[in-house]
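Participant: First the structure, which I've put down as C-alpha cells, then a few questions once you've had a look.
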Amino acid sequence: MDQSQSLPVDDRPIKPAMMRGLRRRCPNCGEGHLFEGYLKVVDHCPVCSEPMHHHRADDGPAYLTILLVAHILGVLMHVAFVYLRPDPLVMAVVLTIVCVSMSLYLLPRLKGMIVGIQWARRMHGFGGAS
C-alpha cells in the first residue's frame, strides 16, 4: 500500500487561513469581511456563507497585542532614552500615542488570525455540522 494514500489531506491549510485573518477577511474564501464592526465577527461570511459564529477568540488577541506592543515599545524606549535623551514629558506623550495606535491597529488583525487558525484546525465547531 502506498503511504501517500493513507495520509490525510489537509483541505484547510493553516497559513492561508492565518493570512486571510490578518487581512480581516473570511478564512475560507478570502473575499468577505470577517468583522461587521471593529471586533464583532460576522455570523456568516457575506460571500461564501461560511458560518463564523463558532469562533472562541476570547482573550487571545488581547494577550498577543499586549505581548507585541510591549516588546516593541520596550526596545523603542531604550533606544530613545539612550541615544536621543528626550524630555520625559515628550517621551511619555510620544510613546503613549505609539502604544495606543499600535494596539488599535493590531487587535482586530490578531483576532482575525486566531479565528483563521480555529477555522483551519476545525476547532470549536468549525468542522462539524452547523
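The values are calculated or read from the model by the stated rules, or taken from the named source; none is laboratory data. All values reported here derive from a predicted model rather than from experimental measurement. Cβ placement follows ideal geometry from the backbone for every residue including glycine, while neighbour counts extend to all protein chains displayed.
Participant: Scan Met91, Met113, Met77, Met102 and give me the residue that is in contact with a helix residue (DSSP H, G or I) (Cβ under 8 Å, 6 or more places away or on another chain) and under 27 Å from Arg12 (Cα atoms). Reasoning before the result, please.
Facilitator: Details: Met91 fails: under 27 Å from Arg12 (Cα atoms); Met77 fails: under 27 Å from Arg12 (Cα atoms); Met102 fails: under 27 Å from Arg12 (Cα atoms).
One residue alone meets the criteria, Met113.
Participant: Of Cys26, Cys45, which residue is within 22 Å of Asp11 (Cα to Cα), in contact with a helix residue (DSSP H, G or I) (Cβ under 8 Å, 6 or more places away or on another chain) and surrounded by 12 or more Cβ atoms within 10 Å (Cβ to Cβ)?
Facilitator: None of the other options fit; the residue is Cys26.
Participant: So which of Val94, Val47, Val115 ends up being out of contact with any Pro (no Cβ under 6 Å at 6 or more places or on another chain), in a loop (DSSP other than H, G, I, E, B) and modelled with pLDDT of 95 or more? Spell out the reasoning first.
Facilitator: Numbers: Val94 fails: in a loop (DSSP other than H, G, I, E, B); Val115 fails: in a loop (DSSP other than H, G, I, E, B).
Going through Val94, Val47, Val115 in turn, just one is out of contact with any Pro (no Cβ under 6 Å at 6 or more places or on another chain), in a loop (DSSP other than H, G, I, E, B) and modelled with pLDDT of 95 or more: Val47.
Participant: Something else about it: Name the pairs: first residue in segment 2-19 and at pLDDT 60 or above and of a type in the set (Asp, Glu), second residue surrounded by 10 or more Cβ atoms within 10 Å (Cβ to Cβ) and part of a helix (DSSP H, G or I), Cβ to Cβ under 9 Å, at least 6 apart or on different chains?
Facilitator: Partner pairs satisfying both residue conditions: Asp10/Ala120.
Participant: Next question. Mind checking which pairs have a first residue in segment 30-49 that is free of Cβ contacts under 8 Å to residues at least 24 places away in the same chain and a second that is of a type in the set (Phe, Trp, Tyr) and crowded, with 16+ Cβ neighbours inside 10 Å, Cβ under 9 Å, 6 or more apart or different chains?
Facilitator: Val42/Phe35
Participant: Same structure again: Which pairs turn up if I take residues in segment 75-86 that are farther than 15 Å from Val98 by Cα and look for partners that are surrounded by 12 or more Cβ atoms within 10 Å (Cβ to Cβ) and hydrophobic (A, V, I, L, M, F, W, C) with beta carbon separation below 7 Å, at least 6 apart in sequence or on another chain?
Facilitator: Pro86/Ala80
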